[in-house]
1. Within the range 549-569, does at least one residue satisfy the condition of being surrounded by fewer than 17 Cβ atoms within 10 Å (Cβ to Cβ) and outside the structural domain of residue 370 (by TED's automatic domain parsing)?
2. Within the range 709-744, restricting attention to residues that are in contact with a helix residue (DSSP H, G or I) (Cβ under 6 Å, 6 or more places away or on another chain) and in a loop (DSSP other than H, G, I, E, B), which residue is farthest from residue 789 (Cα to Cα)?
3. What do you reckon, is residue 703 at positive phi, in contact with a helix residue (DSSP H, G or I) (Cβ under 8 Å, 6 or more places away or on another chain), outside the structural domain of residue 622 (by TED's automatic domain parsing) and modelled with pLDDT under 85?
4. So which of 516, 512, 439 ends up being outside any helix (DSSP H, G or I), loosely packed, with under 14 Cβ neighbours inside 10 Å, modelled with pLDDT under 95 and in contact with a strand residue (DSSP E or B) (Cβ under 8 Å, 6 or more places away or on another chain)?
5. Can you find a residue in the range 586-602 that is at pLDDT 85 or above, crowded, with 20+ Cβ neighbours inside 10 Å and under 18 Å from the mean Cα position of the chain (by Cα)?
6. Restricting attention to the range 126-142, which residues are under 22 Å from residue 200 (Cα atoms) and either at pLDDT below 85 or touching a helix residue (DSSP H, G or I) at 6+ places or on another chain (Cβ under 7 Å) (or both)?
7. Considering each residue of the range 200-211, count those that are crowded, with 22+ Cβ neighbours inside 10 Å and under 15 Å from residue 445 (Cβ atoms), and give that number.
8. Answer yes or no as to whether residue 366 is modelled with pLDDT of 75 or more, farther than 22 Å from residue 656 by Cα, in contact with a helix residue (DSSP H, G or I) (Cβ under 9 Å, 6 or more places away or on another chain) and in a loop (DSSP other than H, G, I, E, B).
């Protein structure tokens, strides 16, 4: 039986670093939070007293977090909305005139709007905190010569860390002892392939040990660590969202126009000799009527409904305006590893000198098939995959429940080999039991290969070696024909250019297990091409974005070849599009590109700022520490909840609890629905307010001294802008909402023909109201009451005509609200207390029937205007969809 060579290898590794680890040695790259040198005895670590002293001196090993936002500040933020400010002014004016009822209604709208916004922010923050607590790691350190398990926040500079498979590295540290230590740094760098960490290398906080074990001396904690330095880039506060900017403009415009026209009405009334007090109250009433005070409630309701729908799809909205912002997105910049891809390695192609095959399936589940490009027996790959299982230290675990997934412990690349073998029917336990391992040489970054020796059932032993093709495909490691080696090297190169990580596998049968492994004299078994595959929903999400006129961009820290391959397969770019390697000088100044590879966190931030400078609204998705600054700087940041780091979640506006990129597309559709409903309400509310002002301005010229009393104006405003207006915010998505790009970022919310529609509908409302009033006045009927009823009922007709699906029961709340408002309008004519309050007179059945029939013109005006004057749709972005990636 052969000898296990692992202890020998570890002794050699320790010998290489004996001087550096000897007592009194001081590292030249401390990166500590102070200038003192640290002297550590490698075997005993720090004493408890010294660790406590350093914890008090340097602080806890945590990243800085913003303090909780006080409740008063959340409320103040909500009240800074321009329309809320206008409503507050209107409330003060109504109080000064003694109109307590209308003042109470206005204040109720303000309170509801503020409460909903504050509650949503608090709930989202609590959900994010719960996700963070699930990810809080612990650390194993040596204290007083013994291993201890402590919270990662208590790790201090100089601590001796014990690292093993599955551990999250709690702080930056210098590796002092390594046994095949392999670390996944994708959260920090975006690199999908784990990195070998021999003694003398450094490991960074937040990275994950995927194979091997080791010891490392802490050199930096908290804000001084790699993650902390990236977190420090997230200091710039974000500005107002596109919706907030647009509503600010609307608020200023409405306030100015309403005050100006009300002043004109006041002046005309005084010229005609009307009482000063009556005209002042009338002018104030018109200001209140012209400003759609339900708009904040409509906005809040629409955003809240969108947030609730998204929460049902595992998307946590941290700030309500983020829902609409996604609807305005013109560019989607996305990370690769864990966002577009699964974050798990999968063997996709097998090649042997005699045959080649494709492996289907995703993840680590043994579900899929090995299919030859030509009719070939899958058993032709038995020898290749059996060797890959034997020369392997990873393990696969089945799901714990029906909804769970297969998981891996160890190197993700080796786990991918086990999954591929399982799809061929090879069981790891059975194979390793038949060919027990008796010796090994672990993988290291110098040799770029791993070797193991196994006993054969009939006697003798088998030496298996796997590693990078350049480390195997040459003499004397392999003794195959040079032509075969050249053919294998060419195939490996094709795989690599297509973005795959390639492993070569070779073996040799021996008479007996050797006393020392000699990696030579082997025969090539084949090649295995491995990659981190795209998520199943990613291609659909990218295609949906393109159809919606959203330009997708990939920004990653991964290799340019891998980034190009994934971007091409998902349709982000086509074959001839440019890929920028951010390591090249001046790479970011070369103009527009679809893929940015090898990007550092600072460069990601520069790319985001450059894209924003080109105009448009930019969303950024990501999950790693390296994505945090860009998530914070983007117009909207979208973080992954499961795989995402705490830095990414705290920087984002939206957190996808299920890491499903397709939810972003759902959010875009929700955002467009919100924006469309706000515009729908503006048409309804502004046309009604404009008609009220027009009736008051034109009425005297038609022989109507004061067409409406102040109380009647406020009553109509209360009924029409109240529940029916708010219910418009619940309208379903417009058919074809995702068939074109969003509105241009510079376009006013009243643009794209909306203000013209307001005027056209207001003309109809004014004509119906004045026509009824003039006819009633000439025929001796109660003209003011008939004008009052006609104006209110016709506006309700506009509300019903504004529905997305007028012939369905979609949004039943609008139907109920309009019916209730109509009943209250009738009550204003026939209920004595209301008649006395509003100075109205009852109408006979014939007059009521005539006015009710004429009010249907409001419905007809709204429907016909949409048919005759459809909103212009911006031109979509042309984007060819590349076909699926062909096998290299």
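The values are calculated or read from the model by the stated rules, or taken from the named source; none is laboratory data. As the structure is a prediction and not an experimental result, all values here were calculated from the model. When we count neighbours, we look across all protein chains shown, and the Cβ atoms used for this are built from the backbone with ideal geometry, even at glycine.
1. Yes, because at least one residue in the range 549-569 is surrounded by fewer than 17 Cβ atoms within 10 Å (Cβ to Cβ) and outside the structural domain of residue 370 (by TED's automatic domain parsing).
2. Here the residue is 738.
3. When the stated conditions are applied, residue 703 passes them.
4. 512
5. no
6. The one that is under 22 Å from residue 200 (Cα atoms) and either at pLDDT below 85 or touching a helix residue (DSSP H, G or I) at 6+ places or on another chain (Cβ under 7 Å) (or both): 139.
7. Looking only at that region, the number is 3.
8. Details: modelled with pLDDT of 75 or more: yes; farther than 22 Å from residue 656 by Cα: yes; in contact with a helix residue (DSSP H, G or I) (Cβ under 9 Å, 6 or more places away or on another chain): yes; in a loop (DSSP other than H, G, I, E, B): yes.
Considered against the rule, which asks whether it is modelled with pLDDT of 75 or more, farther than 22 Å from residue 656 by Cα, in contact with a helix residue (DSSP H, G or I) (Cβ under 9 Å, 6 or more places away or on another chain) and in a loop (DSSP other than H, G, I, E, B), residue 366 comes out as yes.
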